[in-house]
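Below: one structure, written as structure tokens.
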Amino acid sequence: MINYHVRKKKRTRYTYRFVGFAIMLVCLSQVVMFIMGYGRAYKIGTFIAFAFLLYGAYLFANSFRAGAYDIDFEFREDDFIVHTKWGDRHYTYDEVNDISQVIPDNENIYSLLHIYVKNKNYILPFSYKKEVADKIYSYVNDRVMAAKLGGEMSDDDK
């Protein structure tokens, strides 16, 4: 069993919330002023302000998604578990659609592990941890390949 913890910064979440709220506040004041008839507001400016209002709401709401918080990955023999703030997700290795490892030219600085399961994308960053990334990638890739080949073999036998 291999455990890996992906840290997310609290400051980033708060920044997204603040920026989203500020954009919503400014744009909402423009829309309200246009509706109330104050000042010289133009329709096109109000439509642009409404679009930015929706973008601010998107930023604010996205700061609460599960990927914005710390994530723990627990890779076990038959399945793996993703522990997030909003609950645990259990996946078997059969459900993994794709697994890939991104290695840059200077591989000592960082590498990424991308796991695509059902409709979820999980990206595991490894800063200065190339050996850990290789270990997790080989561990998960071996189990995914065994599960996929085992599933294909049983389908051919039928």
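Observations, loosely collected:
- Selection of GluC sites (Glu not before Pro), the range 82-139, meeting DSSP coil and at most 12 other Cβ within 10 Å: 107
- Inter-site label distance for residue 54 and residue 77 at 7 Å from Cα along Cβ, in nm: 5.2
- Other-chain or far-sequence residues with amide H under 5 Å of residue 70's (modelled H): 8
- Within the accessible area of the chain, the carbon and sulfur atoms contribute 59%, probe 1.4 Å, all protein chains present.
- Within the assembled protein chains, the solvent-accessible surface assigned to residue 36 is about 120 Å², based on a 1.4 Å probe.
- For the range 25-108, chymotrypsin sites (Phe, Trp or Tyr not before Pro) are listed when DSSP marks them as loop and at most 16 other Cβ atoms sit within 10 Å of their Cβ; the list is 38, 42, 64, 69, 86.
- Accessible area expressed per residue, the chain, with surrounding protein chains retained (probe 1.4 Å, Å²): 68
- The GNM of the chain, with springs linking C-alpha atoms under 10 angstrom apart, assigns the highest mean-square fluctuation among 103, 71, 123 to 103.
- Contact order relative to length of the chain, as percent, for alpha carbon pairs under 8 angstrom and 6 or more apart: 19
- Calculated FRET value between residue 138 and residue 118, using beta carbons and R₀ = 25 Å, to 0.05: 0.65
- Once both labels are positioned 7 Å from their Cα atoms along Cα-to-Cβ, the gap between residue 13 and residue 1 label points is 2.5 nm.
- Here's the picture: a label point sits 7 Å out from the Cα of residue 130 along the beta-carbon direction, and within the range 90-111 the residues with their amide nitrogen under 13 Å of it are 103-111.
The values are calculated or read from the model by the stated rules, or taken from the named source; none is laboratory data. Just so we're clear, the structure is a prediction, and the values are computed from it rather than from any experiment. Cβ: placed from backbone, ideal geometry, glycine included. Neighbour counts: every protein chain shown. Just so you know, the surface numbers come from the protein's heavy atoms only, side chains and all, with ligands and any DNA or RNA stripped out. Shrake-Rupley method; radii C 1.70, N 1.55, O 1.52, S 1.80 Å.
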